[in-house]
Amino acid sequence: MPNYLIAQVKVNDDSWIPEYAAHVHDIVHRHGGKYLSRSGNITTLEGKECTASLVAVIEFPTGDALQAFLSDPDYAPYAKARQDGTDSDFIAIDATDVAGTIPYLSAGG
C-alpha cells in the first residue's frame, strides 16, 4: 500500500539545499519513491499559519520503502545537513480512509 512522506521545512540556513536537491531525489527513487511536490508555494487555507519555507510530498510503494529511504546510509549526511539548517517536521501517512467510506481507499484506523 502506498505511503506518503510529508515534509514541512522551515529553512534557517540554505547552505545545504544545493547538495540535497542534487542528490536526494536519486536516493528517493532508489527506494521506489517519487516526488509528488516539492514546493515553496504554500498557502494556509485554514488553521494555524504554516511557517514552512517548503513542503514536499513523496510517495513510496510501502511503509517499509519509506523507512528504508530514511535509514539509508547514503541519505544520512543530507538528512543531517537539512536538520542542521532547518526546523523540519516529517510525517508519514498511508493510503487508507479512517472512516472507511471512500470506495477506492482501504479502510484504516
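The values are calculated or read from the model by the stated rules, or taken from the named source; none is laboratory data. Computed from a predicted model, the values in this text were never measured in an experiment. Note: ideal-geometry Cβ built from the backbone for every residue, glycine included; neighbour counts use all protein chains shown.
Taken as a whole, the structure places Tyr78 among residues that are surrounded by 11 or more Cβ atoms within 10 Å (Cβ to Cβ), over 15 Å from Gln8 (Cα atoms), aromatic (Phe, Trp, Tyr) and out of contact with any strand residue (DSSP E or B) (no Cβ under 8 Å at 6 or more places or on another chain).
Exactly one residue out of Gly33, Gly40, Gly63, Gly47 is more than 15 Å from Ala81 (Cβ to Cβ) and in contact with a helix residue (DSSP H, G or I) (Cβ under 7 Å, 6 or more places away or on another chain), and it is Gly33.
Restricting the search to the stretch 1-19, which residues are in a helix (DSSP H, G or I), crowded, with 17+ Cβ neighbours inside 10 Å and touching a Phe, Trp or Tyr at 6+ places or on another chain (Cβ under 8 Å)? Don't jump to the end; show me each part of the working.
Quick first cut of the stretch 1-19, residues in a helix (DSSP H, G or I) only: 14-19.
In the following step, the residues that additionally are crowded, with 17+ Cβ neighbours inside 10 Å were identified as 16-17.
Once the filter is applied, which keeps residues that are in a helix (DSSP H, G or I), crowded, with 17+ Cβ neighbours inside 10 Å and touching a Phe, Trp or Tyr at 6+ places or on another chain (Cβ under 8 Å), the stretch 1-19 yields only Trp16.
Where the second residue is among the acidic types (Asp, Glu) and the first is within 15 Å of Ile17 (Cα to Cα) and lies in the stretch 66-85, which pairs have Cβ atoms under 8 Å and are six or more apart or on separate chains? Every condition considered, the pairs that remain are Tyr78/Glu19; Ala81/Glu19; Asp84/Asp13; Gly85/Asp13; Gly85/Asp14. Each residue in the stretch 20-48 was checked for being in a loop (DSSP other than H, G, I, E, B), loosely packed, with under 15 Cβ neighbours inside 10 Å and within 14 Å of the chain's Cα centre (by Cα), and 1 of them qualify. Being touching a His at 6+ places or on another chain (Cβ under 8 Å), more than 13 Å from Ala7 (Cα to Cα) and outside any strand (DSSP E or B) is true for just one of Ala81, Ala68. Which residue is that? Only one candidate qualifies: Ala68.
Restricting the first member to the stretch 91-109 and to residues that are at pLDDT 95 or above and surrounded by 11 or more Cβ atoms within 10 Å (Cβ to Cβ), and the second to residues that are of a type in the set (Phe, Trp, Tyr) and assigned to a strand (DSSP E or B), the beta-carbon pairs closer than 7 Å and six or more apart or on different chains are Ala92/Tyr4; Ile93/Tyr4. For Thr51, only one of the following conditions fails: (1) among the polar types (S, T, N, Q); (2) touching a residue at least 40 places away in the same chain (Cβ under 8 Å); (3) in a loop (DSSP other than H, G, I, E, B); (4) out of contact with any Lys or Arg (no Cβ under 7 Å at 6 or more places or on another chain). What is its number? The one condition Thr51 does not meet is (4).
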